[in-house]
Amino acid sequence: MALPLHLNPDNADCTCPLMDSKAGNEATVVAITCGEHDARRLRALGVYEGATISVVGKKNCLLVDVRGTRLALCSGLALGITVQPLERPSIA
Amino acid sequence: MTATAAPEPRTAAEPLRVAIIGNPNTGKTTLFNALTGLRQHVGNFAGVTVERFEGSFKMSDGRRVTVVDLPGSYSLSAGSPDEQIALEVLLERDKAHWAPQVVLVVVDASHLERNLFLTSQVCELGIPVVVALNQVDAAERAGISIDVPALIHELGVPVVPTVASRGEGIEPLKKALFIAAGLPAPARKFEIPTAAHDVLAPLAAQLEADGMAHSAAQLEALRLLSVTRGESHLAHVEKYGELITETQAKARESGLLPEQLEANLRFKWIRGVVERTVTRRRERAPTVSDRLDAVALHRVGGPIVFLLLMAIVFQSVFTWAAPLQDWIEGAIATLGATAGTLIPAGDAQSLVVDGVFAGVGSVVVFLPQIAFLFAFISVLEQSGYMARAAFLMDGLMRRVGLHGKSFIPMLSGYACAVPGIMATRTIEDPKDRLATIMVVPLMSCSARLPVYTLLIGAFVPALPLLPGLGLQGAMMLAMYLLGTVTALAVAALFRRTLLKGPVRPMILELPPYRRPSLRSIALAVWQRCLIFLRRAGTVILSLSIVLWALATYPKTAPDAAQPIERQQEVQLANSALGTMGHAIEPVVRPLGFDWKIGVSIVASFAAREVFVSTMGTIYGVGGEDDVALKDRMLAERSADGALAYTPLIAVALMVFYVYALMCMSTIAVTVREAGGGRTGWRWAGISFGYMLVLAYVAAWGVIVVGRAMGFAG
């Protein structure tokens with residue numbers, strides 16, 4: 001979780017906040033550092049440490065796919081979720 | 001049922017008690033409806049405002065089953081008030097001590113992994129479980145097939161595939177409930193690592209010593225591990241506080257992460273179960289829902305679709321309900337008149353006709369609007385669009401400290417505050433919900449319309465402003481805007497003072513779009529109407545009688561020489577209500593109002609539109625004759641010869657009506673929805689009080705500013 005790696009989400013070895021994860025990429029949840037109450041809600045919805053999720057869209061909130069379930073995560077939550085991208089993004 | 005009731009059936013005649021639980025959007029309520037049909041009863045869970053739906057059905061051999069629909073829950077550990085209630089009921093800790101003998105877990109076949117989290121928790125409660133694998137048709141279409149025998153083996157409980165919306169699998173499900181009732185309760189299917197087990201042992205032992213079943217105590221210990229202190233809704237945390245902190249500390253010492261432990265263990269097991277039982281025939285492809293969302297959540301397209309839908313809802317609640325409302329009004333008038341002919345003329349007749357029928361009638365008239373609004377809300381909810389609407393509005397509503405879901409109740413408030421307040425039930429956070437309840441009545445409802453129409457028609461000149469918009473129309477629009485802007489401002493104020501608290505970040509599931517079921521919509525509308533008639537009806541009936549008595553007593557000997565209208569006016573002026581009008585005249589005088597307006601305001605406490613009919617009575621022109629009333633008001637002069645009504649006074653009066661909470665149905669519903677009992681009355685009192693102050697100050701402000709600008713008043 002060294003800071004410079006945040007700037008380079010293309011690197012599959014790095015971790016970054018879910019917010020910076022590229023749309024369409026699968027990523028593994030590494031850490032959930034938002035409030036414990038919200039973290040519990042997230043885990044119950046399938047966003048737990050080790051889960052595979054992907055960002056499907058960024059509107060005013062983040063749209064995330066969790067095993068076929070579409071979740072909208074708003075206002076800062078996506079900053080409290082650290083993920084590790086599973087693969088390099090395809091060239092757009 | 002007593003507190004000590006055993007969960008086994010005691011006699012053959014006693015119905016089997018079944019609790020239904022499941023994630024939101026699994027078709028849980030549809031399944032509940034398919035099982036029980038119309039044999040449902042809506043109440044509240046003891047001591048809380050969360051609704052408790054209880055139903056029953058009979059097997060072909062005469063055995064009976066009662067079913068309680070527990071609130072939609074993603075888990076037994078997330079700690080939302082709804083989930084807390086579900087847990088209390090399942091652990092037999094709720095105040096009603098209704099203990100289920102079988103728990104029916106409704107699982108969405110398309111999202112087995114997420115749904116199994118709750119299922120695995122429920123399976124550890126020490127109660128027999130049946131799993132309804134619902135919406136298997138949708139899963140099939142998505143290329144997902146589930147090996148049911150393998151799943152039965154993995155979970156150790158009966159699993160029945162169902163399609164609740166088409167009634168498929170319901171009969172086997174009913175049989176499975178009885179089979180499960182005779183089976184031993186399932187147990188946890190995964191091992192807790194020894195290190196964790198040792199850490200948890202003292203807490204689990206304590207819970208078990210306090211009367212919890214062995215497996216439930218294990219579950220609860222694991223659950224409590226992730227609890228942070230100071231959450232008021234977790235009733236038993238206080239008691240075990242020290243033990244929990246100790247356990248958490250020990251867990252950390254052993255290198256475990258107490259917050260994540262439960263989720264990690266469960267999902268590790270669940271991933272294995274899913275691998276062994278679920279086959280995906282193809283990769284996830286963009287679905288119909290995805291394509292619809294591309295429009296519905298689009299930066300530009302989304303709000304347009306949203307506004308269009310809302311315009312349709314709003315418009316139809318107004319226009320489609322109108323003929324029905326007229327019909328109900330007519331029917332009640334006819335009924336009242338018929339009842340009147342059966343009773344000899346006199347006070348008893350007047351009580352029935354003018355008190356009971358007119359009073360209750362003025363409220364029952366809103367029934368069509370409530371029915372239409374809830375039909376639309378049900379369609380929006382069941383189709384899955386409601387979640388998108390909340391998503392779209394979240395940014396705007398968050399700015400005033402409300403939730404995206406507060407928008408629909410506020411919009412409903414334009415039609416009528418009563419269904420608007422009832423619609424706040426979809427908001428989970430109690431503070432968000434209360435703040436919404438507090439401001440919904442500020443949205444100008446249809447009952448203010450007759451007041452605005454009368455006053456604007458009489459006192460605002462029909463000058464053209466813009467093409468298609470005259471001064472009269474602009475004035476009407478201004479009244480609606482005034483209410484709306486104030487509602488947002490007041491919400492922000494409440495969230496910073498009385499209802500202070502963090503705005504919960506939105507975690508919202510966007511369920512796949514579905515075609516709504518007609519049957520479920522009809523049921524929802526029917527239940528809402530029934531609640532409205534029963535609850536609001538009792539309060540309104542009594543208040544109507546009180547108001548009637550105030551307007552009727554003490555009696556004035558009629559002066560036969562006077563025309564009947566004049567007799568009525570004198571009677572009203574001398575009645576208790578008239579006395580009150582005179583008494584409050586000094587209070588309303590600064591607003592430019594005379595005692596007659598005072599009386600009308602007092603009388604229209606029950607319902608705003610009564611203002612028009614009371615003014616009609618006072619001026620002796622009959623309630624329905626708007627034109628004659630306008631002429632009388634325009635000609636009315638006060639004792640010193642000045643005009644009693646000027647355009648400025650009319651505007652002040654309208655502003656007063658924009659703000660004042662003059663509607664007993666709204667108050668009755670606020671009491672109920674804000675928590676009932678003393679809490680409910682307190683909030684209703686706050687609502688009524690702040691709106692009255694706001695109304696007075698704003699009307700006074702209009703007069704002061706208006707006079708300073710040189711307007712007569």
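Quick look at the numbers
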{"read-out": "Wholly enclosed helices (runs of 4 or more DSSP H) of the stretch B:630-713 bearing at least 2 residues of a type in the set (D, E, K, R) and out of contact with any Cys (no Cβ under 7 Å at 6 or more places or on another chain)", "value": "B:664-673, B:677-708"}
{"read-out": "Leading residue by the ranking (surrounded by the fewest Cβ atoms within 10 Å (Cβ to Cβ)) among those in the stretch B:111-153 that are in a loop (DSSP other than H, G, I, E, B) and acidic (Asp, Glu)", "value": "B:Asp147"}
{"read-out": "Within the stretch B:264-285, tally of residues that are modelled with pLDDT under 85 and facing chain A (nearest Cβ under 10 Å)", "value": "1"}
{"read-out": "The stretch B:264-283: number of residues that are touching a strand residue (DSSP E or B) at 6+ places or on another chain (Cβ under 8 Å) and either assigned by TED's automatic domain parsing to the domain that holds B:Ile152 or not in a helix (DSSP H, G or I) (or both)", "value": "4"}
{"read-out": "Condition check for B:Leu499: closer than 30 Å to B:Glu381 by Cα and outside the structural domain of B:Ala375 (by TED's automatic domain parsing)", "value": "no"}
{"read-out": "Single residue of B:Met397, B:Met422 found to be within 14 Å of chain A (Cβ to nearest Cβ) and either without any contact (Cβ under 8 Å) to a residue 40 or more places away in the chain or more than 20 Å from B:Val658 (Cα to Cα) (or both)", "value": "B:Met397"}
{"read-out": "Only listed residue being part of a loop (DSSP other than H, G, I, E, B) and at pLDDT 80 or above, chosen from B:Leu222, B:Leu261, B:Leu256", "value": "B:Leu256"}
{"read-out": "Residues satisfying the stated conditions in the stretch A:21-47, i.e. buried (at least 16 other Cβ atoms within 10 Å of the Cβ), among the charged types (D, E, K, R) and more than 7 Å from chain B (Cβ to nearest Cβ)", "value": "A:Lys22"}
{"read-out": "Tally, over the stretch B:286-308, of residues that are surrounded by fewer than 16 Cβ atoms within 10 Å (Cβ to Cβ), part of a helix (DSSP H, G or I), more than 10 Å from chain A (Cβ to nearest Cβ) and aliphatic (A, V, I, L, M)", "value": "5"}
{"read-out": "Filter pass, B:Leu112 being out of contact with any His (no Cβ under 9 Å at 6 or more places or on another chain) and within 14 Å of chain A (Cβ to nearest Cβ)", "value": "yes"}
{"read-out": "Single residue of B:Arg425, B:Arg433, B:Arg398 found to be within 13 Å of the chain's Cα centre (by Cα), surrounded by fewer than 22 Cβ atoms within 10 Å (Cβ to Cβ) and assigned to a helix (DSSP H, G or I)", "value": "B:Arg425"}
{"read-out": "Only listed residue being of a type outside the set (Val, Ile, Thr) and either touching a Phe, Trp or Tyr at 6+ places or on another chain (Cβ under 9 Å) or at pLDDT 80 or above (or both), chosen from B:Leu367, B:Leu373", "value": "B:Leu367"}
{"read-out": "Index of the failed condition, B:Thr497 passing every other in (1) surrounded by 12 or more Cβ atoms within 10 Å (Cβ to Cβ); (2) more than 14 Å from every other protein chain (Cβ to nearest Cβ); (3) over 28 Å from B:Met615 (Cα atoms); (4) free of Cβ contacts under 8 Å to residues at least 12 places away in the same chain", "value": "(1)"}
{"read-out": "All positions within the stretch B:323-376 that are surrounded by fewer than 19 Cβ atoms within 10 Å (Cβ to Cβ) and of a type in the set (Ser, Thr, Tyr)", "value": "B:Thr334, B:Thr338, B:Thr341, B:Ser350"}
{"read-out": "Scope the stretch B:557-571; condition modelled with pLDDT of 75 or more and surrounded by 15 or more Cβ atoms within 10 Å (Cβ to Cβ); matching residues", "value": "B:Gln567, B:Val570, B:Gln571"}
{"read-out": "Meets criteria (over 15 Å from B:Ala19 (Cβ atoms), free of Cβ contacts under 8 Å to residues at least 60 places away in the same chain and under 31 Å from the mean Cα position of the chain (by Cα)) for B:Ala139", "value": "no"}
{"read-out": "Any chance A:Gly76 is closer than 29 Å to B:Leu222 by Cα and at pLDDT below 85", "value": "yes"}
{"read-out": "Of the criteria (1) more than 10 Å from chain B (Cβ to nearest Cβ); (2) touching a Pro at 6+ places or on another chain (Cβ under 9 Å), which one A:Gln84 fails", "value": "(2)"}
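Here's the yes/no breakdown for (1) at pLDDT below 75; (2) in a helix (DSSP H, G or I); (3) within 14 Å of chain A (Cβ to nearest Cβ):
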site: B:Ser520; (1), (2), (3): no, yes, no
site: B:Cys529; (1), (2), (3): no, yes, no
site: B:Arg535; (1), (2), (3): yes, yes, no
site: B:Lys555; (1), (2), (3): no, no, no
site: B:Pro590; (1), (2), (3): no, yes, no
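The values are calculated or read from the model by the stated rules, or taken from the named source; none is laboratory data. Treat the numbers as computed from the prediction; the structure is a model and nothing was measured. Counting neighbours? That spans all protein chains shown, and the Cβs are built from the backbone with ideal geometry, glycine included.
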